[in-house]
Amino acid sequence: MSTLKLDRTGVLVTCQSCGKTNRLRYSTLGSTVRCGACKTPLSPPAEPLEVPDAATFDAVISSSAVPVVVDFWAPWCGPCRMMAPELEKVARSAAGQWLIVKVDTEAVPELGERYRIRSIPTLAIFKGGRQIHSAAGARPAADIRSLVESSLRNPAA
Ligand SMILES: [Zn+2]
């Protein structure tokens with residue numbers, strides 16, 4: 001379960017040193033950002049982030065400085081639940097490199113419709129504000145990584 005909150009400008013993270021909440025702006029992801037209070041470098045998000053609404057999704061996609069991997073899923077979908085821990089592994093190993101977000105297609109149906117999601121889970125990869133790849137079906141962490149890496153090398157939409 002995601003413990004980090006996100007809003008239209010960034011991810012709210014807790015400084016591991018002093019405990020102060022900082023906003024990590026999407027546009028600064030991938031760079032070193034220091035805590036406003038104690039100047040300790042903040043850890044980048046290392047877990048999948050649940051997108052609360054379409055406006056937040058649009059903000060993430062349009063301003064993220066790193067590629068965004070989107071998992072379109074739903075609570076009733078068995079394969080989605082199977083893939084969830086795999087996606088968590090990817091989020092841990094790709095912290096600071098890619099942002100991993102989850103869109104619950106029941107909670108935010110307009111996004112599933114906009115991207116014509118016909119089966120779940122579907123992984124979609126966004127870079128520089130646009131979608132460069134999408135693929136349906138659950139996969140283990142190693143396959144998620146190679147899917148993202150190959151689509152970043154050869155953007156095919
Ligand atoms: Zn601090």
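From the list Ala91, Ala156, exactly one residue is over 24 Å from Val33 (Cα atoms) and either of a type in the set (Gly, Ala, Ser) or at pLDDT 95 or above (or both). Which is it? The unique qualifying residue is Ala156. Scanning the range 87-103 for residues that are small (Gly, Ala, Ser) and either in a strand (DSSP E or B) or touching a strand residue (DSSP E or B) at 6+ places or on another chain (Cβ under 9 Å) (or both) yields a total of 2. On the given criteria, is Leu123 more than 17 Å from Ala59 (Cα to Cα), modelled with pLDDT of 95 or more and hydrophobic (A, V, I, L, M, F, W, C)? Yes: the conditions hold for Leu123. Just checking, which of Ser64, Ser93 is touching a residue at least 60 places away in the same chain (Cβ under 8 Å) and of a type in the set (Ser, Thr, Tyr)? Step by step, each of Ser64, Ser93 is checked, and only Ser64 is touching a residue at least 60 places away in the same chain (Cβ under 8 Å) and of a type in the set (Ser, Thr, Tyr). The set of residues from the range 10-47 being surrounded by 15 or more Cβ atoms within 10 Å (Cβ to Cβ) and of a type in the set (Val, Ile, Thr) comprises Val11, Val13, Thr14, Thr28, Val33. Residue count for the range 128-155 under the criterion of being outside any helix (DSSP H, G or I), in contact (Cβ under 8 Å) with a residue 60 or more places away in the chain and buried (at least 19 other Cβ atoms within 10 Å of the Cβ): the result is 0. If you scan the range 12-53, which residues turn out to be touching a residue at least 40 places away in the same chain (Cβ under 8 Å) and of a type outside the set (Gly, Ala, Ser)? Result: Tyr26, Leu29, Pro44, Pro45, Glu47, Pro48, Leu49, Glu50, Val51, Pro52, Asp53. Looking across the range 1-42 at every residue that is touching a Pro at 6+ places or on another chain (Cβ under 8 Å) and part of a strand (DSSP E or B), the one that is farthest from the ligand (Cβ to nearest atom) is identified as Leu6.
The values are calculated or read from the model by the stated rules, or taken from the named source; none is laboratory data. This is a predicted model, so every value here is computed, not measured. Every residue, glycine as well, gets a Cβ built from its backbone with ideal geometry; the counts of neighbours run over all protein chains shown.
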